[in-house]
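**Q** Pasting a structure here, questions to come.
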Amino acid sequence: MTEDSKKTADIYEKYAQLFLKEKNYPKATNAYENAGDYWEKKGEIRNAIKDYEDALRYVSNKEDQTRIKNKMEKLHFERVKILGRLEQMKQDIVTKKPRKGLRDKLYSSLSIASLAFALIFISLNLTGNAVGGITLNDSRWISICFFLCGLSFAFLYLKNKN
């Protein structure tokens, strides 16, 4: 809320207090009601209800009292609706599953990398002597381990995707 908005509301409320000192209750009621209308336009429900309650304290005729009560009931209904929405949002946040984006990327990357290493180690022709003196049997075992790791990561990725 801007500073001008607060000043306008304060002016309405100060006028109402001045009218009360003069014992001019109809004008005080009108000023409080105007302040409440102002707060309602700005979306400040709590302040609007407070000013409407002050207006009801000093209202003199039945029509004004009914009009102000209707405004208050409408605001109470809006407030309950807003509080209900906030409670629903809170429940959604509490029950919401954590984000899986980073975990999905990690599992998919590890799965692809493990399967690629499995393909590299399955054949000594691809690795040659660059890996060192690995025998054909050792290379196949390494390849099987990478393949199983790749399958495990692919399974975890698919499980978390759902």
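**Q** So Leu102 passes all but one of these: (1) more than 18 Å from the chain's Cα centre (by Cα); (2) surrounded by 12 or more Cβ atoms within 10 Å (Cβ to Cβ); (3) modelled with pLDDT of 75 or more. Which condition number does it fail?
**A** In the conditions (1) more than 18 Å from the chain's Cα centre (by Cα); (2) surrounded by 12 or more Cβ atoms within 10 Å (Cβ to Cβ); (3) modelled with pLDDT of 75 or more, Leu102 misses (2) alone.
**Q** Still on this structure, please answer the following. Among the numbered conditions (1) surrounded by 15 or more Cβ atoms within 10 Å (Cβ to Cβ); (2) closer than 30 Å to Cys149 by Cα; (3) basic (Lys, Arg), tell me where Lys27 comes up short.
**A** Result: Lys27 fails condition (2) only.
**Q** Being among the hydroxyl-bearing types (Ser, Thr, Tyr), over 30 Å from Phe155 (Cβ atoms) and surrounded by 15 or more Cβ atoms within 10 Å (Cβ to Cβ) narrows it down to one of Tyr12, Tyr107, so name that one.
**A** Details: Tyr107 fails: over 30 Å from Phe155 (Cβ atoms).
Just one listed residue meets the conditions, Tyr12.
**Q** Listed residues Leu124, Leu156; which is at pLDDT 80 or above, out of contact with any Pro (no Cβ under 6 Å at 6 or more places or on another chain) and surrounded by 13 or more Cβ atoms within 10 Å (Cβ to Cβ)? Explain how you work it out, then say what you get.
**A** Values: Leu124 fails: at pLDDT 80 or above.
The unique qualifying residue is Leu156.
**Q** So, one more: I need every pair where a residue in the range 20-42 that is assigned by TED's automatic domain parsing to the domain that holds Met72 and farther than 19 Å from Met72 by Cα has its Cβ under 6 Å from the Cβ of a residue that is crowded, with 18+ Cβ neighbours inside 10 Å and small (Gly, Ala, Ser), sequence separation at least 6 or different chains.
**A** Qualifying pairs under 6 Å: Leu20/Ala28.
**Q** Could you list, ordered by first residue, the pairs with Cβ atoms under 7 Å in which the first is in the range 53-82 and touching a residue at least 12 places away in the same chain (Cβ under 8 Å) and the second is buried (at least 18 other Cβ atoms within 10 Å of the Cβ) and among the charged types (D, E, K, R), at least 6 apart or interchain?
**A** Listed pairs, sorted by first residue: Ala55/Glu33; Ile68/Glu33; Leu75/Glu40.
The values are calculated or read from the model by the stated rules, or taken from the named source; none is laboratory data. As the structure is a computational prediction, the values presented were derived from the model and not from experiment. All Cβ positions, even for glycine, are placed from backbone atoms using ideal geometry, and neighbour counts span all protein chains on display.
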